[in-house]
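Presented below is the structure to which this report refers.
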Amino acid sequence: MSRSVKGTLSGWANFPKETGYMYRPEKYKDLREILQSKSQVHYISRGLGRSYGDTALNNQGGIIMHTRFNRFLYFDDQSQVLECEAGVTFREIIEVFLPRGYALPVTPGTKYVTVGGAIANDVHGKNHHRDGSLSSHILDINVLTSSGEIMNCSRQENQDLFWATIGGIGLTGIILSTRIKLMKVESAFIQVDYKKAGHLDEAIDMLNETEELYQYSVAWIDCLSRNRMMGRSVLMLGNHASKDQVEINEPLSLKNRRKLKVPFNLPAFVLNPYSIKAFNSFYYRRFKNTSGVFVDYDSFFYPLDVILSWNRIYGKTGFIQYQVVFPLETSRQGLTKVLEKLSRARCSSFLGVLKRFGESGNGLLSFPRKGYSLSLDIPFRGGDRLLTFIRELDELVLGYGGVLYLAKDSLMTPSTFAIMYPELSAFQEIKAKFDPEGLFSSSMARRLNIVGDIG
């Protein structure tokens with residue numbers, strides 16, 4: 001049986017940091033043996049650790065690493081369906097299949113995620129307004145339950161387990177493999193139009209007006225600008241380019257980007273309201289309204305992946321990643337109030353991202369729903385003062401019907417979570433059905449009272 005190694009882990013935000021017992025199994029029988037051994041009271045699966053908070057942490061519990069379950073099992077050219085193990089990364093899918101003319105149907109802002117982790121968080125991308133979240137493209141999932149049974153679940157078979165597992169942050173069982181439908185493309189380039197918006201209302205209007213024209217739309221937003229410039233943005237609107245448009249000999253070839261690296265945690269003083277305000281001003285001014293720019297696949301979808309360990313920019317104390325979605329009817333007011341609060345508090349964020357979401361998915365704990373989403377990064381400074389600020393921000397978000405993303409969260413309270421996710425009780429019933437002893441748990445699950453504090 002795979003043995004455990006005690007160690008300290010964190011999410012990508014480097015907050016919080018917790019101790020757990022890590023297992024690196026290589027075969028499915030190893031997984032069964034780990035679960036049956038009762039060596040730990042509870043376990044959680046972990047991929048590459050790119051969720052930000054405590055989703056894949058399990059303080060003083062078992063953590064099952066999935067990086068060795070990374071085989072491609074089958075691919076059908078005609079149906080465009082890929083079957084693979086949960087430890088396969090998006091990077092591996094891109095490197096193998098994009099040169100053959102197939103792209104991921106949905107991707108978050110990094111390719112360094114596993115398929116299992118992406119399903120467990122029901123990830124979304126720049127095309128949610130058109131193509132939904134990852135769950136829209138998953139045909140079925142094989143899940144190892146706490147009893148040791150492998151169950152195939154889909155929209156037709158074991159539907160309750162399917163919709164609880166998608167977005168279920170690893171609490172229903174261990175995702176072993178899946179079938180996902182890829183997207184046919186002619187090139188490894190996106191044709192992008194850049195448009196500048198002078199303030200939040202203009203950015204929202206432009207995203208509304210262009211949603212039918214572009215498969216991909218996202219806006220970088222200045223979260224520190226004030227008054228009439230509050231929420232000024234740079235919109236990046238794109239569609240897949242055809243092979244005739246790019247006019248190169250190998251339109252599906254991947255561009256080699258030179259990687260940079262942040263070798264150590266930067267001192268806390270590097271990121272402050274003054275430095276981030278200066279960066280935001282520079283970033284906004286460097287763009288001009290431009291149409292028809294051809295951007296390679298990696299640069300468009302994964303701009304930060306070129307900087308290895310970019311999370312170290314925030315220093316050893318880490319940062320808070322905060323993503324909210326407001327319903328369409330309250331988006332303008334809710335986003336305005338959030339930006340006003342951030343600006344007044346001089347709460348720094350230089351990775352502010354604004355997106356339009358389409359229809360909600362069906363995952364019981366899935367995050368995306370129709371409206372506008374704002375994603376922020378906030379350096380973890382000030383301890384109790386920051387915690388008080390986040391609590392106030394949560395109350396504001398609740399007042400406008402907003403919902404926070406579990407993959408980014410590290411500070412939400414159980415009461416806030418229960419209001420934001422009204423399907424919680426239905427999820428808990430399904431979890432109890434397939435995991436009656438509560439073998440699958442995590443620090444987040446206990447913090448939010450999704451599961452009880454076992455052991």
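Just a few scattered comments:
- Scanning region 416-455 for residues being in a helix (DSSP H, G or I) and surrounded by 18 or more Cβ atoms within 10 Å (Cβ to Cβ) gives a total of 13.
- Region 116-166: number of residues that are among the charged types (D, E, K, R) and buried (at least 22 other Cβ atoms within 10 Å of the Cβ): 2
- Within region 148-173, the residues that satisfy the criterion of being touching a helix residue (DSSP H, G or I) at 6+ places or on another chain (Cβ under 8 Å) and part of a loop (DSSP other than H, G, I, E, B) are GLY148, ARG155, ILE166, GLY167, GLY168, ILE169, GLY170, LEU171, THR172, GLY173.
- Taking the numbered list (1) surrounded by fewer than 21 Cβ atoms within 10 Å (Cβ to Cβ); (2) of a type in the set (D, E, K, R); (3) in contact (Cβ under 8 Å) with a residue 40 or more places away in the chain; (4) more than 30 Å from TYR102 (Cβ to Cβ) in turn, ARG68 passes all entries but (4).
- Unmet requirement for SER349, which otherwise passes all of (1) over 27 Å from ARG258 (Cα atoms); (2) buried (at least 23 other Cβ atoms within 10 Å of the Cβ); (3) small (Gly, Ala, Ser): (1)
- Pairs with Cβ under 7 Å, 6+ apart, first in region 31-46 and in contact (Cβ under 8 Å) with a residue 40 or more places away in the chain, second of a type in the set (Ser, Thr, Tyr): LEU35/TYR43; LEU35/SER146; HIS42/SER441; ILE44/SER441; ILE44/SER442
- Subset of region 241-258 that is in contact (Cβ under 8 Å) with a residue 24 or more places away in the chain and touching a helix residue (DSSP H, G or I) at 6+ places or on another chain (Cβ under 9 Å) - its residue that is surrounded by the most Cβ atoms within 10 Å (Cβ to Cβ): LEU252
- The listed residues are ASN239, ASN280, ASN227, ASN249, and the only one of them that is modelled with pLDDT of 85 or more and closer than 30 Å to GLY383 by Cα turns out to be ASN227.
- Scan of region 262-278 for residues that are assigned to a helix (DSSP H, G or I) and surrounded by fewer than 16 Cβ atoms within 10 Å (Cβ to Cβ), ordered by number: ALA268, PHE269, VAL270, PRO273, TYR274, SER275, ALA278
- The condition (being at pLDDT 95 or above, aromatic (Phe, Trp, Tyr) and on the phi < 0 side of the Ramachandran plot) is satisfied by just one residue among TYR314, TYR302: TYR302.
- Index of the failed condition, TRP220 passing every other in (1) aromatic (Phe, Trp, Tyr); (2) within 19 Å of LEU351 (Cβ to Cβ); (3) surrounded by fewer than 18 Cβ atoms within 10 Å (Cβ to Cβ): (3)
- For region 28-40, filtered to residues that are assigned to a loop (DSSP other than H, G, I, E, B) and modelled with pLDDT under 95, the residue that is surrounded by the fewest Cβ atoms within 10 Å (Cβ to Cβ) is LYS38.
- A Cβ distance below 9 Å, combined with a sequence gap of six or more or placement on separate chains, defines the contacts here; from region 336-362, residues that are at pLDDT 85 or above reach residues that are in a strand (DSSP E or B) and among the acidic types (Asp, Glu) in the pairs GLY352/ASP377.
- Considering region 209-238, and only residues there that are in a helix (DSSP H, G or I) and without any contact (Cβ under 8 Å) to a residue 12 or more places away in the chain, the residue that is farthest from the chain's Cα centre (by Cα) turns out to be ASN227.
- Output for region 374-405, where each listed residue is within 17 Å of LYS337 (Cβ to Cβ), in contact (Cβ under 8 Å) with a residue 60 or more places away in the chain and hydroxyl-bearing (Ser, Thr, Tyr): TYR400
The values are calculated or read from the model by the stated rules, or taken from the named source; none is laboratory data. Predicted model only: the values in this text are computed from it and were never measured. Quick reminder, even Gly has a Cβ in these numbers, built from the backbone with ideal geometry, and neighbours come from all protein chains shown.
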